[in-house]
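Working notes for the structure below.
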Amino acid sequence: MKKHLNAVAIGALMGLAFVGGHTLTFQGWAQDKAPDKAATSSDSTDTYKQLDLFGEVFERVRAEYVEQVSDKQLIEAAINGMLTSLDPHSNFLNSDEFQDMQSQTRGSFGGLGIEVTMENGVVKVVSPIDDTPAARAGVQAGDLIIAIDGKPIVNMSLNEAVDKMRGPVGSNITITVRRGEQEPFDLTLARATIPVESVRWRTEGDIGYIRITSFTERTEDGLKRGIADIKKKLGDKLQGYVLDLRNDPGGLLDQAIAVSDAFLDKGEIVSTRSRKADQAQRYNATPGDLADGLPLVVLINGGSASASEIVAGALQDHHRAVLMGTQSFGKGSVQTIIPLPGHGAMRLTTARYYTPSGRSIQQLGITPDIEVQQARIEEIAQMRGYREADLKGALNNDNKQNVPGEDGADQKAPATPPAGGSSSTDKPATPGQDKAVSPPSDGAADANKPADVDYQLSRALDLLRGLALFQKGQAG
C-alpha cells in the first residue's frame, strides 16, 4: 500500500506542472546548469521518506479513526492542508467549489453576498457586496462570523464555512457575528441569487460616479458603458469622475489592468514577480483615456483589496487621480487557478505584484492622498446674531438685486432661535451602508427624515468641483 500510495502522490505532483499549455518546473529539476547528482539523490531520498510518513499516517487514520472516513475526504483534506499552510490565499477547490468560483467571476450564485477570509479560526468579513442579503442586514467589513446555524466555526476550514453559507435561493441561515467589543449577536438572512454585475454608475450633479464592487469578467465592459452613459447625460457639463473602490475585495488581474488602462494614456500599470526572475511580467497602458483627462478621485477604505489596490496604486503613482478615504487592505499577491481535471482546481499564490513605482503593498496597503474617515453629518442650530442689515440707519445696498426683501430675496430672520432649540438629528447611520444622516435642508428639526449622505463621497465631489474651478481659472 505504501509504495502504491507514494507513486500516486508523486504522479499528482507531476501533474501540477502543466498549466494552460505551459510547463512549470520544480526547483532543482530543471536548471541551466546540471545539478549535483549526489545532492539530487539525497533530496529524492528525503522526499520518499516524507511520503512514507504520509502513507503511515493515512493508513492509521483510515483504519483506526473513530468514524469511517472516505479516502477521497482524507486525500482532499491533506492537499488542502498543504496549500493552506503556505499562505491565507492558497487552497484546494473540489469540483463543486471550482464551479462556484467560476460562477462568481462569470454569472451569479446563491448565497449571502459577502467576501470573507479566515482569521484566528473564525471567518472575517472582507466586505459585503452591495444590494445583497448581507449588506441589507447590516453586515460590515471587519465583522467576525463565529457560528453558522448555531454551530461554531472553530476547526472549520474557510471552504467549509463558505459552503455552509451558500445554498438554495430563499433558504434561511443564521450567522453569529462579533463586531468589535460588542457582544456577539445573531442575524437571520434568506439566501438570494447574488448577481455578479460589478459596475454601477450615476451622476452626482455635474460629476460622474462609478462604483466597482468586484473585478469580474464583465467589469471592463461595465466601466465603458458607465462612462459612455455619463458622457451622454452630462455632455459639456461633466466636471470629472469619482471611482469608488471602497469594500471592493478584488478579483481578476486582467480586469484590474483594463480598468487602470481606461484612465491612463501610457506607462506601466503593474508588474508581477514570481520565484524565478525570468518569469517577471510587466503590464503597460495603451494610448487613450476614456475620461478625456478630466479630474478623477478614487475612494478606498479597509475593504479595498487586491485588484482594487492595483488600480488605486497605478493611478496614484502616475498622479492621474487623487486617492481619498482610509488605508486599504494590503493584499499584494497574485493567485493562479490551476485546473486539476476530474478533481477541481487549486488556487496557488504564484507571484507578488508591484505598483509602477516599484512598491509592494503587501501587509501595508495603499495610503490615500487625503485621509477621510467615514462620518455622520450634523447641523448644529445656533442663535442668529445681528448683521449689518439689522443695524439702525445702515446704508442701503446700491445693487437692487441684492436688497433683502425685494424680488424674492432673503427676508430678515428673527434674532432668536426657533422653538425647540436644536435643528440637529441624532438618528444613527444604517450599519454597513456607509451612509449617514444629513441635516434638514431647510434648517428645521426633522429627526425622522434620514437622507443618503455619504460623507466620503461628499468630500470627493467637493474636491472635484474645486479642481474643475482651479483648471478653469488657469485656462482663463
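The values are calculated or read from the model by the stated rules, or taken from the named source; none is laboratory data. The structure presented is a predicted model; accordingly, all values stated were derived computationally and were not measured. Cβ coordinates were reconstructed from backbone atoms using ideal geometry, including for glycine residues, and neighbour counts include every protein chain displayed. Just so you know, the surface numbers come from the protein's heavy atoms only, side chains and all, with ligands and any DNA or RNA stripped out. Shrake-Rupley method; radii C 1.70, N 1.55, O 1.52, S 1.80 Å.
Name the residue farthest towards the positive end of the dipole of region 61-215 from the options THR213, VAL126, THR174, assuming +1 on Cβ of Lys and Arg, -1 on Cβ of Asp and Glu, about the Cα centre.
Of the listed residues, the answer is THR213.
Using every alpha carbon pair in region 186-295, what percent of pairs falls into each 5 Å bin from 0 up to the bin containing the largest distance?
P(r) for region 186-295, in whole percents per bin: 2, 11, 18, 19, 18, 12, 8, 6, 4, 2, 0.
May I ask you to give the average projected area over all directions of the convex hull of the Cα atoms of region 45-160, in nm² rounded to one decimal?
Spelled out: convex hull of the Cα atoms, projected over all directions, averaged, 9.6 nm².
So if we plug the beta-carbon distance of LEU234 and THR367 into 1/(1 + (r/R0)^6) with R0 = 45 Å, what FRET efficiency do we get, rounded to 0.05?
0.90
Tell me, in nm to one decimal, what length is gained between ALA280 and MET383 on full extension, where the rule is 0.36 nm per residue of separation less the Cα-Cα distance?
Result for the pair: 30.5 nm of gain on full extension.
For region 137-179, which whole-number percentage of the solvent-accessible area (1.4 Å probe, protein heavy atoms only) is attributable to carbon and sulfur atoms?
In region 137-179, the share of accessible area belonging to carbon and sulfur is 51 percent.
Among 348-357, 281-290, how do they line up by average Cβ neighbours within 10 Å per residue, starting with the highest?
348-357, 281-290
For region 220-378, take N as its residue count and report Rg(C-alpha) divided by 2.2 N^0.38 Å.
Compared with the compact-globule rule of thumb, region 220-378 sits at 1.11.
Considering only protein heavy atoms, what per residue accessible area in square angstrom results for region 103-206 with a 1.4 angstrom probe?
Per residue, region 103-206 has 48 Å² of solvent-accessible surface.
Suppose the chain between LEU395 and LEU469 were pulled fully straight at 0.36 nm per residue; how much longer would it get relative to their current alpha carbon spacing?
Residue separation times 0.36 nm, minus the Cα-Cα distance, leaves 23.3 nm.
Exceeding 21 Å between C-alpha atoms, which entries from my cross-link table qualify? They are LYS164/LYS331; LYS72/LYS331; LYS124/LYS164.
LYS164/LYS331; LYS72/LYS331
Taking just the alpha-carbon atoms of region 342-400, what radius of gyration and Dmax come out, in angstrom?
30.1, 93
Return one whole number: the accessible area per residue of region 311-375 in Å², for a 1.4 Å probe.
Per residue, region 311-375 has 43 Å² of solvent-accessible surface.
Shape call for region 119-265 from the C-alpha gyration tensor, a ≥ b ≥ c root eigenvalues: rounded (a/c under 1.5), prolate (a/b greater than b/c) or oblate?
Cα axes put region 119-265 in the prolate bin.
Quick check: from the Cα gyration tensor, does region 91-151 come out rounded (a/c under 1.5), prolate or oblate?
In terms of gyration-tensor shape, oblate.
What is the extension gain from ASP221 to TYR65, computed as 0.36 nm multiplied by their sequence separation minus the C-alpha to C-alpha distance, in nm to one decimal?
50.9 nm
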